[in-house]
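The structure appears below as C-alpha cells.
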Amino acid sequence: MSELLDLLARNMADSDRPWTPEEIAEKALKLTSKGPATAHLVRAVVGSDPRFSETGEGWSLRPREVHSPLREPVRLAWFEKSNDGQGVRVHTALWTQGSGLTDVVALSEETPPPGRLWSHPWASVQPAIASRWLRRMDRLWACGEPPEPFLDLLAWSRVLLRQEGVTPDAVNDQSQLERLVERWGVGPLSLEGEGPLRALAGLLDHILETCPRWDWDEVERRRVELLESRALDWSDFRFDRAHIDSAPECSGVYRLTDSYGVSLYVGKSSNLKRRLSEHFRDLPPEPTKREEMLSQVRGVEWQELSSELEALVLEHRTITDESPSWNVQVEIHRPERFPAEWVWPLIYVTPDSDEVHSVIVLMGPDEGTLLTVAENTHPDEVESILQRLMEPELADQPDSAPEHALERRLRPAEVWLCLRYFSRHRDRVLRIDTLSLTSPTGVAEAVCRLARDRASEARDGVLQR
C-alpha cells in the first residue's frame with residue numbers, strides 16, 4: 001500500500017490540478033496492473049470469489065460440485081391399509097440418487113421388521129402415518145428409533161410448489177402424490193406393488209435436481225417462510241415454550257395431561273427435547289389429530305431414564321396401567337421360540353449412556369429385572385439383588401420383598417420386550433458370560449467394573465476433545 005501511495009504522489013506532483021476520485025482509482029489500477037485497468041478491476045473483484053475461474057478466453061463459472069443433502073441411501077416408505085382393513089401395510093425400498101431402488105420389502109404390523117430397516121433415514125409423503133407406524137413398531141418389536149429425523153417429503157414438495165407460484169389455498173390439493181407425479185413428470189403412478197415407491201423415487205430425484213444444495217434445515221426455513229402455518233396457541237397450557245425447550249436431550253418417558261392431571265398421551269423417546277418439540281411445533285393450515293389432542297392438553301411432565309430400553313418398558317407399563325385416551329394399547333406376545341445358543345440367565349447391558357446403565361437380568365422367558373447401575377454403585381447392592389434371582393434358596397430376602405432402589409421388576413410382557421430388544425440389538429449390547437461368571441458375586445463385580453470403566457473412558461474422551 002505504501003508503494004502505491006508513493007507512486008500516486010509522484011504522478012500527482014506533475015499535475016497542476018486536483019484529481020477526481022475516478023481519476024485516482026483509474027491511475028491506481030494502471031499502476032498496480034500489468035494489463036489494462038479494466039482487466040485488473042475484474043480480476044480484483046471477480047477473482048476473489050471461488051465460484052469464478054479465469055481462462056485464456058475470459059472468465060467462467062467453475063463446475064459446481066453437487067452433493068446430496070441426504071445421507072444416502074434413504075429408505076422410502078409408502079403406507080396403505082392392510083387387506084383386512086384393520087392395520088397398516090408398508091412398502092419400503094432403499095433409494096440412492098441415480099441408482100434406482102434396492103431392498104424392496106413389504107411388511108405388516110404382525111411381522112417383526114428386519115433390523116436393517118433402521119440403518120438408514122426414512123422418507124415419505126405420508127409423515128403422520130409414518131411416524132405413528134414407526135412408534136408402533138418400536139412398542140411391538142423394540143425396534144428403537146431411526147438413527148436420524150424422519151424426512152418429510154410432503155413438506156419439501158409443498159415448498160417447491162409455493163416457489164413455482166402455487167397459491168397457499170391450492171398447495172394441499174396439488175401436493176397429492178398423483179398430482180405431483182403428473183406436474184413434474186416423474187410417473188406414471190401405479191398404486192400396485194412397487195408403483196408408489198417408484199413414484200417416490202422419481203419425486204426425490206426431481207427434488208434434488210431442483211434444489212441440490214438444500215439440506216433439511218433449509219427446507220424447514222423455507223417451509224416456515226412460504227407455507228401458511230398457524231402459530232400454536234399456548235394460552236391454555238400451564239407451561240410455556242421455554243419449559244419445552246428445557247427438556248433434556250436424553251432417553252425418557254413423557255406424559256401430556258388434562259386439567260385434572262389425567263394422562264392423555266404417554267410417549268418415550270431417546271431424545272425427550274426433540275420429541276416434545278415435535279408435539280408443540282406450529283400447526284399446518286389443515287386440521288390434524290395433533291391439534292385436536294393439544295386442545296385438551298394442559299400439563300406436561302417427563303422422567304429421565306438410563307436407556308431407551310428402560311423408557312420403552314416404562315412407557316408400556318404406564319399405557320397398560322393408565323389407558324391414556326390418545327394412546328393405542330399394544331399387545332406384546334410371548335416369543336414362540338428362542339435361539340439354541342441362549343443360556344439362562346440372560347444378562348446384558350444396554351449401550352445408551354456412559355454414566356448410568358440399564359442391566360437386564362432375565363432368568364427365563366417370563367421372569368426378569370431391570371437394574372440401574374452407575375459408576376458409584378457398590379457391587380454388594382447389585383449382588384444382593386442377583387442372589388435373590390440366581391440363588392433364591394440362599395437369599396436373605398424372599399421374592400415378595402419390596403423392590404430395591406436399583407431395580408425395576410419386570411412383568412412378563414416387559415420381559416418379552418427385553419428379549420426382542422436383545423435379539424434386535426445383539427451387536428450393540430454387552431452380554432455377561434454367565435457360563436464363566438456363575439455366581440451373583442462375579443456378575444455383580446463385572447457389571448460394576450463395566451460401569452466404572454465406561455465412565456472413565458467417557459471422561460477421557462471429553463478431556464481429549
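Relative contact order, whole percent, for the chain stands at 10, derived from Cα pairs under 8 Å and 6 or more residues apart. Take each peptide in 224-230, 337-343, 446-452, 214-220, count the other Cβ atoms within 10 Å of every residue, and average; sorted highest first, the result is 446-452, 214-220, 224-230, 337-343. Cross-link reach is defined here as a Cα-Cα straight distance under 16 Å, omitting same-chain residues fewer than 8 places apart; for Lys30 the aspartates and glutamates meeting it are Glu3, Asp6, Glu22. Counting only residues at least eight positions apart within a chain, or on another chain, the lysines with an alpha carbon under 27 Å from that of Lys289 are Lys81, Lys268, Lys273. Under the simplified labelling scheme, the Arg136-Phe338 pair shows an inter-label distance of 3.0 nm, with each label point 7 Å from Cα along Cα→Cβ. The angle between the Cα long axis of helix 153-163 and the main principal axis of the chain comes to about 20°, on a 0 to 90 degree scale. Could you tell me what % of all Cα pairs in the chain have separations over 35 Å? Counting pairs separated by more than 35 Å, the tail of P(r) holds 50 percent. Ordering of 93-106, 143-156 by packing is 143-156, 93-106, highest average first (other Cβ atoms within 10 Å, averaged per residue).
Each Lys and Arg contributes +1 and each Asp and Glu -1, all at the Cβ; summed about the Cα centre of the chain, the dipole is approximately 920 debye.
Taking Cα atoms only, the orientation of helix 21-32 departs from the longest principal axis of the chain by about 80 degrees.
Taking trypsin sites (Lys or Arg not before Pro) across the stretch 162-227, the ones in a DSSP loop with at most 14 further Cβ atoms lying within 10 angstrom of their Cβ are Arg213. Qualifying chymotrypsin sites (Phe, Trp or Tyr not before Pro) in the stretch 258-317, where qualification requires a DSSP coil assignment and no more than 10 other C-beta atoms within 10 Å, comprise Tyr260. Here the simple spin-label model places points 7 Å from the Cα toward Cβ, and for Trp234 and Glu54 these points are separated by 5.4 nm.
Placing a label point 7 Å from the Cα of Val262 along the Cα-to-Cβ direction, the residues of the stretch 302-330 whose backbone N falls under 14 Å of that point are 322-327.
Distance between the modelled labels on Asp245 and Arg17, one decimal in nanometres: 6.3 nm (7 Å Cα→Cβ projection).
Taking the C-alpha atoms only, the angle from helix 216-226 to the longest principal axis of the chain is near 70 degrees. Binning the alpha carbon pair distances of the stretch 241-322 at 5 angstrom intervals from zero yields the distribution 3, 15, 25, 24, 20, 10, 3, 0, expressed in whole percent.
Backbone phi angles across the stretch 103-113, fed through the Karplus curve with coefficients 6.51, -1.76 and 1.60 (θ = phi - 60°), yield HN-Hα couplings of 6, 6, 9, 10, 9, 10, 5, 7, 10, x, x Hz in residue order; Gly and Pro are listed as x.
Counting only Cα atoms, the size of the stretch 346-464 along its three principal axes is 48, 31, 27 Å, in decreasing order. Within 10 Å of each candidate Cβ there may be at most 12 other Cβ atoms; applying that plus a DSSP loop requirement, which GluC sites (Glu not before Pro) in the stretch 400-465 survive? Filter output for the stretch 400-465: Glu403. The stretch between Arg431 and Leu7 holds 144.7 nm of extra length on full extension. This uses 0.36 nm per residue minus the Cα-Cα distance.
Put simply, when 423-430, 362-369 are sorted by average Cβ atoms within 10 angstrom per residue, most first, you get 362-369, 423-430.
The calculated 222 nm mean residue ellipticity attributable to helices in the chain amounts to -12500 deg cm²/dmol, summing -39500 (n - 2.57) over DSSP H runs of n ≥ 4 and dividing by all residues.
Laboratory data are not the source of any read-out in this text; all were calculated from the coordinates shown. No experiment lies behind these values; they were computed from the predicted model shown. Cβ coordinates were reconstructed from backbone atoms using ideal geometry, including for glycine residues, and neighbour counts include every protein chain displayed.
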